[in-house]
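Working notes for the structure below.
The values are calculated or read from the model by the stated rules, or taken from the named source; none is laboratory data. Please read these numbers as outputs of a predicted model, since none were measured by experiment. Here the Cβ is made from the backbone with ideal geometry for all residues, glycine too, and neighbour counts use every protein chain on show. Note: areas computed on protein heavy atoms with side chains; ligands, DNA, RNA excluded. Shrake-Rupley method; radii C 1.70, N 1.55, O 1.52, S 1.80 Å.
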Amino acid sequence: MSEITQVIETGPFEEHPAHPGAGAYVIVAVALCILTALEVTVAYLPALRPVMIPVLIILAIAKFALIAMFFMHLHYDSRLLSTFFLGGLLAAFVLFIALLFLFVYLDRHRAIIM
Amino acid sequence: MKRARSIFASAAIFVLAALLQGCGGGEQHPLNTITTKSDFARWITNLFVEITVLDLLVLAAVLITFILAIFFFSTRVGNPAPPSTTTSDLRVEIAYTLIPALIIIAILVPTVRTIFRSQPYLPPKGSLQIEVVAHQWWWDFSYMDSSHINTANELHIPTGVPIRLNLESNDVIHSFWVPQLGGKRDVVPGQANELTFTASVPGEYLGECAEFCGESHANMRFRVFVQTPEQFAAWEKAQEAPPGTIPASETAAAEGQKVFENSPCTTCHTISGVSKGYIGPNLTHFGSRTTMAGGIEQNDPHNVAEWITDPNQVKPGVYMPALGLRGTQLNDLVAYLESLK
Amino acid sequence: MAAQPKPLPLEPRNYLKGGGLIGWLTTVDHKRVAVLYGVTALFLLGIGGLEALVMRLQLWEPNNHLISAHFYNEMFTMHGTTMIFLVLMPLELGFFTNFVMPLQIGARDVAFPRLNALSFWIFLVGAVLMHLSWIWGGFPNRGWFGYANLTESYYSPGLNIDFWDISLLILGVSTLLTAINFFVTMVMMRAKGMSYMRMTLFCWAMLVTVILVLLAFPALTVGLLFLLLDRFFGTHFYIAAYGATPILWQHLFWLFGHPEVYILALPSFGIISEIVPVFSRKPLFGYPMMVYSIILIGFLSYGVWGHHMFATGMGPVADSAFAITSMLIAIPTGIKIFSWIATVWGGSLRMKTAFYFALAMIVEFTIGGLSGIMHASAPVDLQQTDSYFVVAHFHYVLFGGVMFALLGAIYYWWPKVTGKMLSEKLGKWQFWLTIIGFNGTFFPMHWLGTWGMPRRVYTYGAGLGWTGLNQFETVCAFILGFSFLLMYINLVLSTARGEDAPADPWDGRTLEWAVSSPPPEYNFANPVEVEGRDAYWLMKYGRGGAREAQMFAEGKIPPVPQNMQAPPEKPIHVPTPSIFPLLIAGCLFMVAIGLLIGWWRIMEIGGGTMFICIVGMCLEYPKWGEKSHNLDEEAPHSLGIDLRKAGLWTFLGSECVFFASLIATYVVYKSRNFGGPGASILEIPLTSGSTFALLMSSLMMVLALHSIEQGRVKWMRFWLVCTMALGCVFLGVEAFEFLGFFQKGLAMQTDLFGQCFYTLVGTHGVHVTIGVIWLGSILASSFRKNFGKSKALSVEMVGLYWHFVDIVWVVIFTLVYLMQQVKGA
């Protein structure tokens, strides 16, 4: 009985690859803030209007990746977990692009009521 | 083993006979998709026949290997011959990957060609454009040529002229389908769909709604009359004119017009020169139609009277209310409607 | 630690024995849960079949008035919904996979046994609710596909569509939980030595199936959510008058619906791939090709949904694209069919009923597949879709393909489930009657379709040449019904006084045949090690084939090897039964019924009790013999990852699709918006502030995790409070923003932009709220004794969820707020 209790107490986490220290987290957070500031600037600068969409997308992907890799530890954890998540992300992306194409680019119908 | 073979032989003969049966019989099967009466329908049927032939070849290959495997190239438990230990054979596996792939390509090429051919972006030159508006559960047809005819449930078109149907829905999704004139196209609210074809053989073709559209989906039928250009011109001319004034001799019909004018009928139905309702079908030339109530019944006085007495009995869920007309009033109204040639 | 899981007695105990009624209601044993699913689904199969017979009677003659149009529409709706969601899926996933999969991979249970029980009870709630609408004015009557805008309140004012919508949402939750559970089980809990390429084909099929569930169901959830909002709150997601389009429903529905066809079909491919080698006494032909073709089918099935919509006018480019992808599926499917035949080729066949059904499935499914190629050709489909040709096609796939496989599976695995043999004589009778009844009912439908008979018509006119075949079909349908009656009789007789089944009645190849029939509660006394494909075959015959040849010559099935019969070396801790799954489902039922009939009191009571029960289920955890305690033994392929964490990641992957559907709808509808203030109403400065708060909350969250990993509980509490505070700031700003928009006249019902914006941002807000509650519960539990480093996983889990909500916001902030000026896409 005591043996089982022991197992519950310690758990299997000891073997985990070490997570980064607090310093690394703060650096990531600062980077996220800077990226957000950049995003807002880009959205407001008329000069950047032509390249706004790609720049905003790149900045959003960067933020996305930073959080997923460092805060969610995908960078440190087993690749298996990244696969789970990226699989879903890929399907989500396919769905998004497909619906966009079907409704916007391939739509040859004028809406009747406008 | 012998018994098995004779069973399979007779099954094969049965299937072949049945297949042949399916191809013929335009008379007995007025809604069939095989005896084509337009270019659009012919393209589809050609494709259908091609795929059917290839499908039957594949089915034959599967059945033959299946029968060989079970009855000729295997034993039963208890038989001393040990089972084969083969777990793969690269040549076989490549064969049954590649051959289906080739068949698929053979189907895909004409498929894609027909897709583009049957859906021209613009109406073909010289085409007759007709606006089709689907309602729960009837069809409204407006001719977009100089005649501006508006009629319901019976569509007249000429042979040899490209027809462009602009499909719109008044309520839910319906689907316009005249099997002998080609494939169906959904009628979607808020979306301008179209159907393009050229009818080649004069005749009367049945159509029906093919998308479930509520309680009386089954009762949303219609007819297409394909006519020679001369006949069509004559029909159009007759439809353009307002219905003639009712001769005094026909007292019943004249009385019926008064019944109509003083009843709630006028809020929903248009009769040119009499009323301007727009919720129900246009009745201007009701008497000239062969069918009524969404093409489910013959247009005769008995059926019309029955319909007016209790529409819901004929077409469950219908929006038209029972008006409580009885006796002479009812008979007069029926006589009036039937006089609208 | 009052109630430790008690070590099991050494003698194996049949899983069916003991516990009484309470034992069944609180069970978390995968085999018992499977039986619960099986009994429910077989009962509903009878109901769905009767509904089909009612329809066949109505179609006996033209202009028949046996039943009303209204009732007929209810019948075909309930028949379709029942057969797909309440019969085939629960039989495949709930019954057979639940029962067989853990045994085949050498596991003692699924990854999350309580979640498994919860799935079942939630499924039962959905099934009951679907039928209960009868009390409030009739069954659902808009088809299993429920095409908008016919399902909108204006055209369907009754409660029945509300019941249908909410029942499907509930069934979706149940299926999603099951999928996460099975996915983690198959990825992580395979026995030592069972690499992916040694997994049984059935498990492979199920692995791909559950991935499809995870990636497809969220689209249905979103579609149903929109319908719910339309019906309950007056939005216009599918109403053309506001610029929206009912076609959106079709895309979302078939985005789920076509993978759904493969969610139904792949398990049946797996079942056939199990039965055919066993009864041919040969290994499966071309195993690697079979695996790759399953993966390819799964992959392609996600990109073919448009072939259900060729008639909707998507335009020639989309038509061609979907035609091509749809036809490509024929290639891997052909590989499967020929591989099965090649497996039979040269075999030594054991002609049992299960094998009969498997062989019949190969032919019937081929016919269904070949007519499928016709529909994949878009122009041909224009003649066939919504006609009886399609009814013939999908019954050849779903009955000829799936139901035949399931009948085979029943005859194949029944001895393992109940420990009793089924009657072969009755089985063969059933087989031939099923063959006659099935083909007689559905094959003539090809002609009816070619002769123009449309689907879903409650009656048809005379003189169309359809009467004769319809009458023939009705007669055959009754033969089919009778054949199923024989099956039920067989099942009952076998359970009552069947012959006892040996552990390995069919000379099986896979691990489930290595345990007794019925299996002991703990499945395997000792951890199993697997040396190759066909694990059990290798155990009893060894390599080289000498023993195999010898036993074959003697015509014997070897006994179960000694090492599989050995008593347990260590005490086994089976999961303790739990009452909470049942209670939570019961509360869910109260909430749903309260919402549906507007009985708010019962809804409040149910919701409150449900919250308490969920907390109770979480607190139950430490006392509970979870899998992760001896991770290496229970989950040899976990790579040290806790199963719960893997489950959460799987869920997050599925959530991606959920949010993608919402975001795609927002982008599409924004471009069609007219009237109303539109996106220019959005204020970037305000939201930049709340974005900052949310990003910082993520920092606080990781710092909390860092603290607990260092064992500093007080610091962890501090950071958790910070996280919650920032989360509340974010929610507060959102509420303030919404209020401002309301005052400016933007309500959910105002325009397309309004409804999509509030739905997307609001759904995200709900996720944040759940996160705050979750954080609060962790904070509260940190005051309990023993809260220390060992609880770091709990903190990590809530952290993962919190960060995920954060990255969703990153996307929303960019697409919705920063790109507000972008017109359309």
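Summary table below
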quantity: Kirkwood estimate for the range C:480-549, i.e. one over the average of 1/r between Cα atoms, Å; calculated: 14.7
quantity: Relative frequency of Cα-Cα separations exceeding 24 Å in the range C:410-518, percent; calculated: 46
quantity: Gyration tensor over alpha-carbon atoms, the range C:340-491, equivalent ellipsoid semi-axes in Å; calculated: 32, 19, 11
quantity: Per residue accessible area in Å² of chain C, where ligands, DNA and RNA are left out and the probe is 1.4 Å; calculated: 30
quantity: Förster-model FRET efficiency, 51 Å R0, B:Asn262 and B:Leu122, C-beta, rounded to 0.05; calculated: 0.60
quantity: Spatially proximal aspartates and glutamates relative to C:Lys556 (Cα-Cα < 13 Å; intrachain offsets below 8 disregarded); calculated: C:Asp504, C:Asp507, C:Glu548
quantity: Range of Cα positions in the protein assembly as shown per principal axis (Å), largest first; calculated: 110, 85, 55
quantity: Packing rank of C:451-464, C:428-441, where each peptide gets the mean count of other beta carbons within 10 Å, highest leading; calculated: C:451-464, C:428-441
quantity: Column: log10 I(q)/I(0), Debye, Cα scatterers of the range C:287-413, q = 0.19, 0.23 Å⁻¹; calculated: -1.09, -1.35
quantity: Fraction of alpha-carbon pairs over 51 Å apart in chain C - percent; calculated: 17
quantity: For the range B:208-263, projected area of the alpha-carbon convex hull averaged over all directions, nm²; calculated: 7.1
quantity: Occluded residues from the range B:143-180, i.e. those whose accessible area drops by 10 Å² or more once the chain is not alone (1.4 Å probe); calculated: B:Glu168, B:Asp171, B:Val172, B:Ile173, B:Trp177
quantity: Computed Rg/Rh of the range C:201-307, alpha carbon atoms with Kirkwood Rh; calculated: 1.19
quantity: Summed residue charge, Cβ within 13 Å of C:Leu538's Cβ, Lys/Arg positive, Asp/Glu negative; calculated: +2
quantity: Convex hull of the range C:90-155 built on C-alpha atoms - directionally averaged projected area, nm²; calculated: 6.3
quantity: Calculated SAXS-style log₁₀ I(q)/I(0) at q = 0.06, 0.09, 0.10 Å⁻¹ - the range C:28-497, Debye, Cα scatterers; calculated: -0.25, -0.58, -0.72
quantity: Protein heavy-atom accessible area occluded, B/C pair - total, 1.4 Å probe, Å²; calculated: 7500
quantity: Net +/- balance of residues flanking B:Asn331 in space, Cβ distance below 14 Å, scoring K and R +1, D and E -1; calculated: -4
quantity: Range of Cα positions in the range C:666-821 per principal axis (Å), largest first; calculated: 59, 23, 23
quantity: Accessible carbon and sulfur surface of chain B relative to its total accessible area, %, 1.4 Å; calculated: 62
quantity: Percent accessible area from carbon and sulfur atoms, chain C, protein chains only, probe 1.4 Å; calculated: 70
quantity: Long-range Cα-Cα pairs in chain B (distance over 28 Å), rounded percent; calculated: 56
quantity: Taking only Cα atoms of the range C:516-557, radius of gyration then Dmax in Å; calculated: 12.9, 35
quantity: Mean-position separation - Cα centroids, the range B:124-146 and the range C:729-758, in angstrom; calculated: 42
quantity: Debye log10 I(q)/I(0) for the range C:451-573, one point scatterer per Cα, at q = 0.15, 0.23 Å⁻¹; calculated: -0.83, -1.28
quantity: Exercise: per-residue mean of other protein chain Cβ atoms within 10 Å, B:186-198; calculated: 6
quantity: Subset of C:Lys420/C:Lys570; C:Lys352/C:Lys416; C:Lys31/C:Lys570 violating a 18 Å alpha-carbon distance limit; calculated: C:Lys420/C:Lys570; C:Lys31/C:Lys570
